[in-house]
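A.B. asks: First, the structure itself, so that you have it in front of you.
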Amino acid sequence: MDRDAFVAVFGGVFEDSPWVADMAWQSRLFKSESHLVETLCEVVRNAGQARQLALLCAHPELGERKPLAGYSAREQDNAGLQRERGHQVAVLAELNRRYRNKFGFPFILAVKGLDPDNIIKRFYERLENRAEDEFSECLDEVFKIAGYRLEDLLVNPGDGQIQQ
C-alpha cells in the first residue's frame, strides 16, 4: 500500500488522528496484526505529551448527545450509550463535566462489552485518580480501542475505512 492508501485505511483507528497512521507507514513491513497495532501505539507513545493530549481530546465524551461519526458512533451504540434516556443521560453528562474539569481531557474507556451501569461505575472509580495516573490510564484505553478497531477493520475490511 502506498502512504495515502495506508492512511485512508488505518487513519481512523486512532480517533480523528490520521497522523498516527501516517507516521507508522514508515514501518510498513508489518509481520502481523499485533505488530501493526504495536507500531501504531509506539507512534503515540513517542509523540510527546502535547500530541498525546490532543489525541485524548479528539475523543467524544461517552453518552454525549450529539452526532458521532465512524467507530465512536458504533462503539457507543453497542454499549447502549446512545439509547439511554433520563437519569443515566444526566448522570453521564455530570460525570463528563466533572472529569473534564478535573483532568482537562475527556474520560476515555474502551466500552466494548460494557453497559451504561458499568461505564458509570468506572467513571466514579477513575475520578479518584491522580492526573498523571489518569493520563496514562486514558492512553492505555486508547490503545485498547485501537486494537479493537483494527481487529474490526481487518475482519470487515469495507466497514472501517476513513472512519474518523
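A.B. asks: Going by the structure shown, is Ala110 touching a Phe, Trp or Tyr at 6+ places or on another chain (Cβ under 7 Å), surrounded by 18 or more Cβ atoms within 10 Å (Cβ to Cβ) and not acidic (Asp, Glu)?
C.D. replies: Criteria met by Ala110.
A.B. asks: Determine the pairs where a residue that is open to solvent by 80 Å² or more (accessible area, probe 1.4 Å), located within segment 14-42, has a partner that is in a helix (DSSP H, G or I) and basic (Lys, Arg) with Cβ atoms under 9 Å apart, the partner being 6 or more residues away or on another chain.
C.D. replies: Gln26/Arg3; Arg28/Arg3
A.B. asks: How about segment 46-92: which of its residues are part of a helix (DSSP H, G or I) and either of a type in the set (Val, Ile, Thr) or within 17 Å of Asp140 (Cβ to Cβ) (or both)?
C.D. replies: Answer for segment 46-92, where residues must be part of a helix (DSSP H, G or I) and either of a type in the set (Val, Ile, Thr) or within 17 Å of Asp140 (Cβ to Cβ) (or both): Gln49, Arg51, Gln52, Leu53, Leu55, Leu56, Cys57, Glu75, Val89, Val91.
A.B. asks: List every residue pair whose Cβ atoms lie under 6 Å apart, where the two residues are 6 or more positions apart in sequence or sit on different chains, the first residue falls within segment 61-89 and is small (Gly, Ala, Ser), and the second residue, located anywhere, is open to solvent by less than 30 Å² (accessible area, probe 1.4 Å).
C.D. replies: What qualifies is Gly63/Leu81; Gly63/Leu92; Gly70/Gly12; Ser72/Pro60; Ala79/Val111; Gly80/Pro116.
A.B. asks: State which residue is farthest from the chain's Cα centre (by Cα) when the search covers only segment 112-135 and only residues that are of a type in the set (A, V, I, L, M) and outside any helix (DSSP H, G or I).
C.D. replies: Leu127
The values are calculated or read from the model by the stated rules, or taken from the named source; none is laboratory data. Quick caveat, the model's predicted, so the values are computed rather than measured. Glycine also receives a Cβ, built like all others from the backbone with ideal geometry; neighbour counts cover every protein chain displayed. With ligands, DNA and RNA removed, areas are computed over all heavy atoms of the protein, side chains included. Shrake-Rupley method; radii C 1.70, N 1.55, O 1.52, S 1.80 Å.
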